[in-house]
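Asks: Sharing a structure below in structure tokens format, with a few things to ask.
The values are calculated or read from the model by the stated rules, or taken from the named source; none is laboratory data. Just so you know, these numbers come straight off a predicted model, no measurement behind them. For neighbour counting, all protein chains shown are included, and Cβ atoms are generated from backbone atoms with ideal geometry for every residue, glycine included. Only protein heavy atoms, including side chains, enter the accessible area calculation; ligands, DNA and RNA are left aside. Shrake-Rupley method; radii C 1.70, N 1.55, O 1.52, S 1.80 Å.
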Amino acid sequence: MIERWFTSVFSVLERRRRLVLVLVALVAGLSLYGIRFIPLDSGVQVMFPPDGDLRRTVQFLQDAHFANKVILSFACTNEAVGRDDFFLAVDRATEGLGAPLVSRVLTDLSGSRTMEDFFFYVRNAPRILQPEDLAWVDSQLTPDAVSGNLKRKYMQLMRPEGTFMAPMIRSDPLGLQMKVGEKVRSVLASFGYAISIDKGHLVSRDGRHVMVILETPVAFTDIAGSTRLLKYLREQMGRLPPGVSADILCGHAHTVSNQEVITSDIQLTAVVEGVAFLVLFLIIFRDVAAVWIFLIPVVAVLVA
């Protein structure tokens with residue numbers, strides 16, 4: 001039954017090859033045009049195994065308050081530019097930044113969520129601490145150590161500074177967050193962290209660099225969003241006056257850079273494989289018509 005139907009259809013289409021080619025070309029063209037309307041997930045997480053360590057690591061970074069922040073490092077490259085003019089150029093460059101790609105601009109640490117960021121580390125201490133650190137934690141959970149820590153915290157609460165330390169002591173009565181604080185301080189020290197606040201700006205030790213922190217709703221794993229964010233920031237920073245430059249430091253830049261490398265590799269691989277298969281078909285079949293066989297999977301992918 002099926003063979004008879006197939007033979008009948010084939011005999012009809014065989015006499016109308018041009019019409020069949022036109023219809024196939026039309027369907028392929030419409031499929032190629034319709035790809036632009038297909039909603040695609042541009043996040044890199046879709047490429048990770050569902051229960052792998054890599055996905056958990058990226059999720060940890062996404063949950064961190066610092067993960068979606070952007071650092072603008074302004075540099076005064078001309079000695080003739082005074083500090084006041086330098087600060088004015090920084091203020092003018094940042095005051096125009098706003099929604100939807102930038103939700104907040106922080107020029108100093110006042111009013112920021114510094115303590116909230118620190119407590120994020122405390123809550124995720126098991127992911128940060130090393131085995132030797134966990135051994136120290138075990139030593140602090142003995143009856144004598146617990147009693148000694150509680151006595152010290154009680155004496156701290158009785159002093160004038162106890163009013164300010166009460167929330168921290170309440171969250172960690174045994175002082176176990178000390179190890180987390182040491183880890184954070186070691187990271188800052190490795191970057192040569194040394195800044196001061198001058199007229200509401202985070203200024204480097206030499207006074208020639210200013211750091212501005214941006215909060216953005218764009219996740220650093222969002223490829224399309226990261227591309228728009230970096231393009232927007234580069235356009236804004238391109239308006240800086242002569243003698244002042246800005247570097248953009250963020251996880252979004254690494255996401256876009258990796259995506260460009262991966263796209264370039266895929267395009268190169270596709271071209272090399274396509275040419276190799278085409279040559280292979282021509283060598284085996286020794287007929288230009290073999291190109292149509294080569295195009296069948298290409299058209300099938302477009303339609304699919």
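Asks: Does any residue in region 264-292 that is of a type in the set (V, I, T) come within less than 8 Å, Cβ to Cβ, of a residue that is modelled with pLDDT under 80 and in a helix (DSSP H, G or I) six or more places away or on a different chain, and which pairs are these?
Replies: Close Cβ pairs satisfying both conditions: I284/A290; V288/L282; V291/L278; V291/F281; V291/L282.
Asks: Are any of the residues in region 46-62 modelled with pLDDT of 80 or more, open to solvent by less than 50 Å² (accessible area, probe 1.4 Å), closer than 25 Å to A224 by Cα and part of a helix (DSSP H, G or I)? Steps first, please.
Replies: Going residue by residue through region 46-62, those that are modelled with pLDDT of 80 or more are none.
No, region 46-62 contains no residue that is modelled with pLDDT of 80 or more, open to solvent by less than 50 Å² (accessible area, probe 1.4 Å), closer than 25 Å to A224 by Cα and part of a helix (DSSP H, G or I).
Asks: Output yes when any residue across region 189-199 is at pLDDT below 70, open to solvent by 30 Å² or more (accessible area, probe 1.4 Å) and part of a helix (DSSP H, G or I), and no when none is.
Replies: Within region 189-199, one or more residues are at pLDDT below 70, open to solvent by 30 Å² or more (accessible area, probe 1.4 Å) and part of a helix (DSSP H, G or I).
Asks: While we're on this one: Please go through (1) in a helix (DSSP H, G or I); (2) at pLDDT 75 or above; (3) open to solvent by 80 Å² or more (accessible area, probe 1.4 Å) for F86 and return the number of the only condition it doesn't satisfy.
Replies: Only one criterion is unmet by F86, namely (3).
Asks: What are the residues in region 218-245 that are open to solvent by 30 Å² or more (accessible area, probe 1.4 Å), farther than 30 Å from E79 by Cβ and modelled with pLDDT of 85 or more, if any?
Replies: Selection gives T227, R228, K231, Y232.
Asks: Looking at region 246-257, which of its residues are surrounded by fewer than 16 Cβ atoms within 10 Å (Cβ to Cβ), touching a residue at least 60 places away in the same chain (Cβ under 8 Å) and not aliphatic (A, V, I, L, M)?
Replies: The one that is surrounded by fewer than 16 Cβ atoms within 10 Å (Cβ to Cβ), touching a residue at least 60 places away in the same chain (Cβ under 8 Å) and not aliphatic (A, V, I, L, M): D247.
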